[in-house]
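The values are calculated or read from the model by the stated rules, or taken from the named source; none is laboratory data. Predicted model only: the values in this text are computed from it and were never measured. Heads up, the Cβs are rebuilt from the backbone with ideal geometry, glycines too, and the neighbour counts pull from every protein chain shown. Each accessible area value is taken on the protein alone, full model and side chains, heavy atoms only, with ligands, DNA and RNA left out. Shrake-Rupley method; radii C 1.70, N 1.55, O 1.52, S 1.80 Å.
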Amino acid sequence: LEGREGRLEGWQDARGREFVLERPYARVPARGLEVVLTIDTEIQRICREELAAAAAEHHPETSSAVVVHVETGEILGAFSWPCADPDRLEEGARHLRLGALQDSYDPGSAIKPLFLSWALQRGAVSPDDRIDCGGPAGYATFGARVVREYSPNPEPLDLEAVLYRSSNVGAVRIALERLSLAGMYEALEAFGVKTRRPVAFPALAPPTYTEWSEFATTREELRRIGYLRSDRRNHRAVTWTGISLAQGYEMRLSPLDMARIYTTFARLGDLTELSLLKEVRRWDAVGRPESLSHRVLDQVPATFIRSALQQVVDNPRGPGRRARSTRFSM
């Protein structure tokens, strides 16, 4: 990056001839720094080609990919389609946006492992539990709200099936009824959804979700009495918010935020903070950011969730079975 110019001072006689040969610096010059990013050009190329192919098949408005090294937190690939186009700058700055880091969206079912893992962590559920997920009707009512399944589950599902079949009813029963709304907010705090480390990129999309302050009932009261016995002012709001959060709504996160959360399951409980900065080189030294991680889950619930997530692509009834690889373990 840009350094700093120096300036020398000299003395001349009346005819413009310099008569002091050793001139001191009025300002000492400084060399610029060389900033090295974590991006791997080959991985970035693969992201570009895969997103372009997916766009040709599915015609989305936008799509993004984030690839991270779960041990170090290095962001190896971050690409969005359509990509930056210098020829279209006159149409607006949106053509320079990196949506993988700067756009936010409702994560939907991708957030379910966060709440289910915390329910396991807190002992609100066990892996052997079987959950009624709407039965043959394919839906369940919670107060005035109807939660529907993508496809009916006539028999109760075990916890692994709730996750890999992405049951909406099961997610609400576990997160709201077993864990409680107070526990759901505790999970969001434990994963540090709003306290992520800066990643050396400007204008990141801020993570947002419905705050406790929007309810008249205090956090301590909710934890003590539970959402079903909340006062009338808050019963509808608390129930509605709990149902929405359990399914990944009333919140907006970026693809980067989701990649960060999922490092917890990849590392069996340790969440890794992400960064685009690999090192900063000076003429006399090299500086590297510290790799940071912290434990969120015990190994047992984290291992269970990781195994269940593998079933999303490995199980014949998993919604992600088209993504199954014959070369790599998911």
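Considering the range 142-178 alone, what residues qualify as being assigned to a helix (DSSP H, G or I) and in contact with a Leu (Cβ under 9 Å, 6 or more places away or on another chain)? L159, V162, L163, Y164, G170, A171, I174, A175, L176, E177 - these are the residues of the range 142-178 that are assigned to a helix (DSSP H, G or I) and in contact with a Leu (Cβ under 9 Å, 6 or more places away or on another chain). Is it fair to say L268 is touching a residue at least 12 places away in the same chain (Cβ under 8 Å) and at positive phi? Considered against the rule, which asks whether it is touching a residue at least 12 places away in the same chain (Cβ under 8 Å) and at positive phi, L268 comes out as yes. Name the residue that is farthest from S167 (Cα to Cα), counting only residues in the range 290-320 that are open to solvent by less than 50 Å² (accessible area, probe 1.4 Å) and without any contact (Cβ under 8 Å) to a residue 60 or more places away in the chain. The qualifying residue farthest from S167 (Cα to Cα) is V313.
Mind listing just one residue for me: the one in the range 8-22 that is open to solvent by less than 100 Å² (accessible area, probe 1.4 Å) and assigned to a loop (DSSP other than H, G, I, E, B) and, of those, nearest to S80 (Cα to Cα)? Here the answer is E9. Scan the range 302-321 and tell me whether some residue there is within 17 Å of the chain's Cα centre (by Cα), among the hydroxyl-bearing types (S, T, Y) and modelled with pLDDT under 95. For the range 302-321, residues within 17 Å of the chain's Cα centre (by Cα), among the hydroxyl-bearing types (S, T, Y) and modelled with pLDDT under 95: absent. Go through the residues of the range 114-123 one by one and say whether even a single one is within 15 Å of the chain's Cα centre (by Cα), crowded, with 17+ Cβ neighbours inside 10 Å and either farther than 30 Å from R173 by Cα or among the aromatic types (F, W, Y) (or both). Yes: one or more hits.
When you look at A182, is it part of a helix (DSSP H, G or I), of a type in the set (A, V, I, L, M), modelled with pLDDT under 90 and open to solvent by less than 50 Å² (accessible area, probe 1.4 Å), yes or no? Yes. Filter the range 247-278 down to residues that are under 13 Å from the mean Cα position of the chain (by Cα) and in a helix (DSSP H, G or I), then give me how many there are. Residues that pass the stated criteria total 11. Exactly one residue out of E61, E155, E149, E71 is closer than 19 Å to I39 by Cβ and of a type in the set (D, E, K, R), and it is E71.
Here V193 meets each of (1) open to solvent by 20 Å² or more (accessible area, probe 1.4 Å); (2) modelled with pLDDT of 60 or more; (3) under 29 Å from V146 (Cβ atoms); (4) part of a loop (DSSP other than H, G, I, E, B) with one exception, condition (1).
Could you tell me which of the residues S109, S80, S64 is without any contact (Cβ under 8 Å) to a residue 60 or more places away in the chain and within 26 Å of T263 (Cα to Cα)? It would help to see each step written out before you state the result.
Numbers: S109 fails: without any contact (Cβ under 8 Å) to a residue 60 or more places away in the chain; S64 fails: without any contact (Cβ under 8 Å) to a residue 60 or more places away in the chain.
Only one candidate passes the filter, namely S80.
Of the residues making up the range 279-302, those that are more than 21 Å from I39 (Cα to Cα) and in a loop (DSSP other than H, G, I, E, B) are W283, D284, A285, V296, L297, D298. Out of A55, A84, one residue alone is among the hydrophobic types (A, V, I, L, M, F, W, C) and farther than 30 Å from F265 by Cα. It is A84.
Here is the figure for the range 271-330: residues that are in contact with an Asp or Glu (Cβ under 8 Å, 6 or more places away or on another chain), among the aliphatic types (A, V, I, L, M) and farther than 19 Å from P198 by Cβ total 4.
Screening F201 against (1) at pLDDT 90 or above; (2) under 30 Å from A100 (Cα atoms) leaves a single unmet condition, (1). Residue check: V169 meets all listed conditions (1) modelled with pLDDT under 95; (2) open to solvent by less than 20 Å² (accessible area, probe 1.4 Å) but one, namely (1). Considering E5, E61, E34, the condition of being open to solvent by 90 Å² or more (accessible area, probe 1.4 Å), within 22 Å of S275 (Cβ to Cβ) and among the acidic types (D, E) is satisfied by E34 alone.
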